[in-house]
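Coordinate-derived values only; no laboratory data. Since we're looking at a predicted model, the values are computed, not measured. Counting neighbours? That spans all protein chains shown, and the Cβs are built from the backbone with ideal geometry, glycine included.
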Amino acid sequence: MPYQIQIQGLDKLKGRLRGAGVIVNRHLKDAMHKSVFAVQSDVRRETPVDTGRLRQSVGAKVTGIGAGLTGIVGTNVLYAQMVEEGTKAHEIRPKTARVLRFMVGTTVVFAKRVRHPGSKGRWMFKKAFEGNTGNIKGFFTRAIEKVAEDLAR
């Protein structure tokens, strides 16, 4: 005599699991967007301003899907690393002209070379990432909860 067990809702569960990848990617991508924009916002707030070029250049993007999902906060401004990490004392010489020209207060100064004393690192990227670690964990925890809720429907 054959025995039979019938599980109600199994077909519905199979259908949900087939679409799970789309649901997971949507919620994880949303969490990643929230994460990079939170970090970007804090980097911009912490970035020192002279002309505003460095602060304005800080961008964020999200690429990939699934296990390849990546969030990037960065800049294409060449001197950003020097501002982030600081510099040792060094000499500055002109590259394309015979002399350097710069302002000291309201006075224009010309020099063949200057001795820069170095600068302290501002660590705006590091501080922003470390300061948002809890937020980032929260964004992804909430994303996982949303996935579970969507799959349960």
Of Gly86, Gly68, which residue is more than 14 Å from the chain's Cα centre (by Cα) and at positive phi? Gly86
Which pairs turn up if I take residues in region 40-67 that are exposed (fewer than 12 other Cβ atoms within 10 Å of the Cβ) and look for partners that are among the hydroxyl-bearing types (Ser, Thr, Tyr) with beta carbon separation below 8 Å, at least 6 apart in sequence or on another chain? Thr63/Thr70
Within region 40-79, residues over 30 Å from Leu151 (Cα atoms) and in a helix (DSSP H, G or I) come out as Gln40, Ser41, Asp42, Val43, Arg44, Arg45, Glu46, Arg53, Leu54, Arg55, Gln56, Ser57
(1) loosely packed, with under 15 Cβ neighbours inside 10 Å; (2) hydrophobic (A, V, I, L, M, F, W, C); (3) in contact (Cβ under 8 Å) with a residue 12 or more places away in the chain; (4) over 30 Å from Asn132 (Cα atoms): which one isn't true of Val108, the others all being true? (3)
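Name the residue that is surrounded by the most Cβ atoms within 10 Å (Cβ to Cβ), counting only residues in region 71-101 that are without any contact (Cβ under 8 Å) to a residue 12 or more places away in the chain and within 26 Å of Trp123 (Cβ to Cβ). So that I can check it myself, show each step before the final result.
From region 71-101, those without any contact (Cβ under 8 Å) to a residue 12 or more places away in the chain are 78, 81, 95-97, 101; that's our starting set.
Narrowing further to those that are within 26 Å of Trp123 (Cβ to Cβ): 78, 81.
Values: Leu78: 7, Gln81: 13.
Per the stated criteria, the residue is Gln81.
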When (1) more than 30 Å from Ala20 (Cβ to Cβ); (2) without any contact (Cβ under 8 Å) to a residue 60 or more places away in the chain are applied to Ala148, the one that fails is (1)
Qualifying residue in region 42-59 (condition: β-branched (Val, Ile, Thr), out of contact with any Gly (no Cβ under 8 Å at 6 or more places or on another chain) and more than 30 Å from Gly105 (Cα to Cα)): no
Would you pick out the residues in region 111-130 that are surrounded by 14 or more Cβ atoms within 10 Å (Cβ to Cβ), under 24 Å from Leu28 (Cα atoms) and not basic (Lys, Arg)? Phe125, Ala128, Phe129
